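Down below is the structure, laid out as structure tokens.
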Amino acid sequence: MKNIVKGIVGLLLIAISVGLIFYWEIYGRESILYDDVLVLTQDVKKSDVITEDMVAYDKREGHTIIDGAIVNLSDIIGKAANCYIPEGAQLVQEYFEDTALVLKEGQYIFRLPNEWLRAYPNSLRRGDTIYFHEISKDIMTPVSGDGIDHVEQYRPLIKDEAIASVTVAYTKDSANREVITLSEEERFNGSSKINEIEVIVDVETVNTLRKSVEEGKVFILLYQ
């Protein structure tokens with residue numbers, strides 16, 4: 001009787017072992033050692049806007065997942081690729097920009113000469129849309145390049161509609177570092193003062209601004 005019981009117990013242990021091995025190989029390994037990451041389901045070119053049908057979740061072993069890999073759809077949908085990304089690649093935020101910040105054909109990064117500017121808000125940041133309003137260059141003194149913010153004192157002089165609007169690509173300080181907002185709650189709490197502004201333009205916009213300067217105008221920059 002004891003031998004029969006031992007045999008049954010032995011068979012049960014073998015069956016359990018086989019079952020555990022089967023479960024580990026089919027389900028356990030994936031659920032414990034693998035994590036979900038977002039990957040592309042197709043090649044993406046620079047400037048392509050990401051939609052839901054372009055991405056899918058894929059399980060990867062934890063040690064193969066790159067630092068900063070995107071795991072939330074909301075972090076990527078509606079963004080534009082700033083470079084070519086192959087199908088199956090793990091995704092990080094550095095591959096994407098807001099659509100307004102990705103250069104399209106015929107667009108360039110252009111640094112606004114400080115002598116063209118009379119005033120601008122020191123709270124300007126990358127991605128803002130700025131509007132160029134003309135005033136005579138003989139009115140008061142030019143922007144010195146240290147982030148002077150005298151927009152309010154010039155506002156009564158603004159009579160006409162903006163002659164152009166562009167997207168800010170970078171705001172930089174005197175050490176060529178990007179000026180960023182240090183507090184999510186308070187935009188005016190910047191990392192430093194703005195020394196120069198780089199914008200996304202086409203040739204036509206640059207020519208419009210240059211013609212205005214040649215006619216004795218400078219600009220007050222406003223943003224919404």
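The values are calculated or read from the model by the stated rules, or taken from the named source; none is laboratory data. Fair warning: this is a prediction, and the values are worked out from it, not measured in the lab. As a convention, Cβ positions derive from the backbone with ideal geometry for all residues, glycine included, and neighbour counts pool all protein chains shown. All accessible areas refer to the heavy atoms of the entire protein, side chains included, with ligands and DNA or RNA removed. Shrake-Rupley method; radii C 1.70, N 1.55, O 1.52, S 1.80 Å.
Brief remarks on what is shown
- With all pairs of separate Cα atoms included, the range 42-95 yields a Kirkwood hydrodynamic radius of 11.6 Å.
- Accessible surface for the range 54-123, divided over its residues, is 53 Å² per residue with a 1.4 Å probe.
- Computed accessible area, TYR34, all protein chains, 1.4 angstrom probe, square angstrom: 60
- Accessible surface for LYS137 stands near 110 Å², nearest 10, in the context of the full protein assembly shown (1.4 Å probe).
- Difference of contour (0.36 nm per residue) and Cα-Cα distance, LEU157 to SER17: 42.0 nm
- Accessible area per residue was computed with a 1.4 Å probe on protein heavy atoms; LEU40 scores about 10 Å².
- Computed from the Cβ-Cβ distance with R0 of 41 Å, the FRET efficiency linking LYS211 to LYS59 stands at 0.10.
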